[in-house]
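Q: The following block contains the structure, expressed as structure tokens.
The values are calculated or read from the model by the stated rules, or taken from the named source; none is laboratory data. Computed from a predicted structure; not experimentally measured. Quick reminder, even Gly has a Cβ in these numbers, built from the backbone with ideal geometry, and neighbours come from all protein chains shown. When the accessible area is computed, the model is the full protein with side chains, heavy atoms only, and any ligands, DNA or RNA have been set aside. Shrake-Rupley method; radii C 1.70, N 1.55, O 1.52, S 1.80 Å.
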Protein chains: 2
Amino acid sequence: MGRACPDRPALRGFRIVVVHRRRIIPMTSTPPVDPETGPHAPDTAFDDTASGDPETAGTVAFPDNPVLVAVTRGETVENQHRGAAVVLDAEGTARLVWGDVERPVFARSALKPMQALPLLEALPDAPDLTPERIALHAASHIGRPEHVDRIRAWLADMGLSEADLECGDLDWPTEAEAARALARAGQTPGAAHHNCAGQHTGFLRLAQALGVPTRGYIHAHHPVQRAAMAAVSDLMGLDAAAAPCGLEGCGIPSVALPLWAVALGMARLADPSGLAPARRAAAERLRAAMVAHPELIAGPGWCDTRVMQVTRGRILVKRGAEGNAAAMLPERGLGVALKIDDGDRRAAEVALGLVLETLGELSAEERAALADVFQPAVTNAAGIVAGRVFPVVPLDEDGGDDDPEADRIDPWDEDWEEE
Amino acid sequence: MGRACPDRPALRGFRIVVVHRRRIIPMTSTPPVDPETGPHAPDTAFDDTASGDPETAGTVAFPDNPVLVAVTRGETVENQHRGAAVVLDAEGTARLVWGDVERPVFARSALKPMQALPLLEALPDAPDLTPERIALHAASHIGRPEHVDRIRAWLADMGLSEADLECGDLDWPTEAEAARALARAGQTPGAAHHNCAGQHTGFLRLAQALGVPTRGYIHAHHPVQRAAMAAVSDLMGLDAAAAPCGLEGCGIPSVALPLWAVALGMARLADPSGLAPARRAAAERLRAAMVAHPELIAGPGWCDTRVMQVTRGRILVKRGAEGNAAAMLPERGLGVALKIDDGDRRAAEVALGLVLETLGELSAEERAALADVFQPAVTNAAGIVAGRVFPVVPLDEDGGDDDPEADRIDPWDEDWEEE
């Protein structure tokens, strides 16, 4: 079984043993271990099987997921990206299933909208918790001044400063131009430039609202992280804290959860009718803030922001690092989650377009307006188009297009399998 | 069949039809086409099959390549990367074959050492063609001042300037810190910052040596590109100019060639005993220059440079964009080529380490010294190790480790298949 989430998961040395296409693959090389920084157990089996199946204990299954995205150069495919995707309603009924959606994935920042609920529930009426700040609390901002300045102002309002943020300050802004602008001004990044700084500022505000010390708010045992994990668990109907755990880029716990659970969480934000009243109100307030301020969720020109702007909030997008994307479709009561096996960001965006297209969610005008996001060009250093990134439709076993209505599965049934 | 290489391959609109795991996958979306910039033939079949097999004409095969690299977070696999790798000697005898090594791949800058031969052959004794400049001509430099200043001085020696470079100037230096240093100085990149600028400066010098106009040297019909393509073809024993073609990031023709051909070309640079005398001398001079100036081939801390430094030139590495890596092992007379299906740079470096390890090429000291390259840590914004990147050994069909000596295949035999 996966390891439950400790305060700071120790990274042990180990030998990977994997199952690839039903073949056992021993790992020959022992990973380098720094004797100064971590415990060393080089012969410990890599014990992370979500199934707990004794036949696969000590192994990791590499799924044979379908190719969802192809990248061309000229008229030849240069790269391909595999992945899994799932669309569910709030009852757990699947509308689309591609690939292995049971294997645990780190959904990363795609979980931020779920993790944002405790702050909204703790402060249902506080005038300082404006829609802009709610949006930033659910955001992975790209580090432009309009993001950083708002975060610093929020910290000042709380009587805190950037020094109270525990997300780390070694990362330059996500947007290369924002990073260069900072360098051009002779500056180096502070914690407020970290793409999670808005979320962390909200975490500090939650600590204040709960009347607990802010210090250490990133650790799993802190009431702030307990509240965030509980909200994720509630939306997904599982115990997220018991899932295989790692550290996020910003230092908070990162849990590996089945992809269908991520989609279910998004579906329950999209259609919170089954949630407790306070949580339901928080979900609706959160969505309204994201729709009102899409430019704060990522930044101008970036996928999340563009989709929310072009669809006028009909589709709410939150991506995560390493090839994750999630979305809410409130009018249809659906949640979307996908993960690219190799972690490619651009492929995740194109695959998200493919899912939305397959669901029939994009109008012709929206498809055209979002072509640069969902089927982007590959340009070279002279600005010439050298290739394109294309979605690839996976087919079901019968060779026909996936019929969204044909997949009616119950994720609560332990025996369910992708059809 | 693939399209032969025109001066500037037109990028047509088309519908992709792919074969994935023996299933035909129609592409539902028509790619966006700019009516201003390119011809539009939206219903043209995607015609790029190197095999010419009528059963697959109009299709692209997505290979079921093995997983070569896994990325962990905590103790759980977060990402995986598939790919193919092959090691040959100069006679074409295979020492290692993983995955589909017949499928054409764009090896990108991994071809630069082969493309460098014409300049060395044209100028066997010219005092201005120093080892440093030869190294830069085979390099993908990261844009530090030591690279850019040398390129500008070389251009000035020729009576030319950065304006004569046709590689484009829209790309910031490859190394993020070099890009920020440029921004900090209030500058924007010039063509000399492009990672191919050293190669292009050598192309200009070759045009001068050939007594032809330098202008247009990036185009397929120009004597410079004809010479580069002919050298590649000679080393590989095929007609590279007839291969499926695209544009490089720097504007020169990019051809998709079987991975085994890339390895064979590297093997013949490593062991040029079968080449014509002038070409043999050029190969040896090229290798000597790369070994003497590894820091000019990429830059301090980067894979190519590090491996050549640590192995004191016993292993010569040249990576290419989009997950390519190639290497020469002169003492063993071997050439290495690998390509990660999804184009990931870090995975290509780790897979290269796996190949070298499998060949028994790394001493314990070298393995330890190169651990940060071949099994790098994933660190977060606070500098904490959150995961690692691991090689994964693919097994043969019998479930045993690949025995390098067991794979003796003749790539010239059209019927050969991976065992």
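Q: Just to be sure I understand: if you take the accessible area of chain B alone plus chain A alone and subtract the pair, with a 1.4 Å probe, what total do you get in Å², rounded to 100?
A: Separately minus together, B and A give about 7800 Å² buried.
Q: Placing +1 on the Cβ of each Lys and Arg and -1 on the Cβ of each Asp and Glu in the range A:108-329, which of A:323, A:267, A:282 has its Cα farthest towards the positive end of the resulting dipole?
A: After comparing all options, I get A:267.
Q: Among A:274-284, B:251-261, what's the highest-first ranking by average C-beta atoms within 10 angstrom per residue?
A: B:251-261, A:274-284
Q: Relative to the other copies, what are the label-point distances for residue A:274, with labels 7 Å from Cα along the C-beta vector, expressed in nm at one decimal and sorted shortest first?
A: From this label point to the equivalent ones elsewhere in the assembly: 6.6 nm.
Q: Follow-up. So the label point sits 7 Å from Cα along the Cα-to-Cβ vector; using that for residue B:186, what distances do you get to the other copies, in nanometres, sorted shortest first?
A: Residue B:186 label point versus its equivalents elsewhere: 1.1 nm.
Q: Could you give the accessible area per residue of the range A:244-289, probe 1.4 Å, as a whole number in Å²?
A: 25 Å²
Q: Partner chain Cβ atoms within 10 Å, averaged over the residues of A:247-255 - can you pull that number for me?
A: Mean partner-chain Cβ count within 10 Å for A:247-255: 5.
Q: Going by amide H atoms built from the backbone, whose H comes under 5 Å of the H on residue B:69, apart from near neighbours?
A: Amide H neighbours of residue B:69, under 5 Å, 5+ apart: B:81, B:392.
Q: In whole percent, and with a 1.4 Å probe on the protein chains, what portion of the accessible area of the range B:63-123 is carbon and sulfur?
A: Answer for the range B:63-123: carbon and sulfur cover 38 percent of the accessible area.
Q: To the nearest 20 debye, what is the magnitude of the charge dipole of the range B:61-152 about its Cα centre, counting +1 on the Cβ of each Lys and Arg and -1 on the Cβ of each Asp and Glu?
A: For this selection, approximately 320 debye.
Q: Just report the Cα centroid separation between the range A:213-278 and the range A:133-189, whole Å.
A: 24 Å
Q: Right, another one. Compute the length gained on full extension between residue B:242 and residue B:161: take 0.36 nm times their separation in residues and subtract their Cα-Cα distance, giving the result in nm to one decimal.
A: Contour length minus the Cα-Cα distance gives 25.8 nm.
Q: Do any residues of the range A:296-324 lose at least 40 Å² of accessible area when the full set of protein chains is present rather than just their chain alone, and if so which, with a 1.4 Å probe?
A: Hits at the 40 Å² cut-off: A:322.
Q: In debye to the nearest 20, how big a dipole does the range B:227-287 give about its Cα centre with +1 on each Lys and Arg Cβ and -1 on each Asp and Glu Cβ?
A: Approximately 220 debye in magnitude.
Q: Taking 7 Å along the Cα-to-C-beta vector as the label spot, tell me the residue A:331-residue A:170 distance in nanometres, rounded to one decimal.
A: The modelled label-to-label distance comes out at 4.5 nm.
Q: Counting only protein heavy atoms and a 1.4 Å probe, tell me what percentage of the range B:135-247's accessible area is made up of carbon and sulfur.
A: In the range B:135-247, the share of accessible area belonging to carbon and sulfur is 51 percent.
Q: Straight-line reach only, C-alpha to C-alpha below 18 angstrom: list the lysines that residue A:112 could link to, leaving out same-chain residues fewer than 8 apart.
A: Once the sequence-local lysines are set aside, what remains near residue A:112 is A:318, A:339.
Q: Once the label point is set 7 Å along the Cα-to-beta-carbon vector, what list of distances in nm do you get between residue B:64 and its counterparts in the other copies?
A: 0.4
Q: What does the structure give for A:164-170 when I average, per residue, the other chain Cβ atoms found within 10 Å of the residue Cβ?
A: 3
Q: Of all the C-alpha pairs in the range B:87-158, what % are more than 16 Å from each other?
A: In whole percent, the long-distance tail amounts to 64.
Q: When you look at the Cβ of every residue in A:77-90, what mean number of other chain Cβ atoms sits within 10 Å?
A: What the average comes to for A:77-90 is 4.
Q: Can you give the direction-averaged projected area of the convex hull of the alpha-carbon atoms in the range A:108-329, in nm²?
A: That works out to 11.2 nm².
Q: Along Cα→Cβ, 7 Å out, is where each label goes; now give me the distance between the ones at residue A:125 and residue B:226 in nm to one decimal.
A: Placing both labels 7 Å beyond Cα along the Cβ direction yields 8.4 nm.
Q: Which part of the range A:175-218 falls in the paramagnetic zone of residue A:278, meaning amide N under 12 Å from the point 7 Å along Cα-to-beta-carbon?
A: A:210
Q: What is the spin-label model distance, in nm, from residue B:64 to residue A:188 if the labels are put 7 Å beyond Cα along the C-beta direction?
A: My value for the distance between the label points is 5.1 nm.
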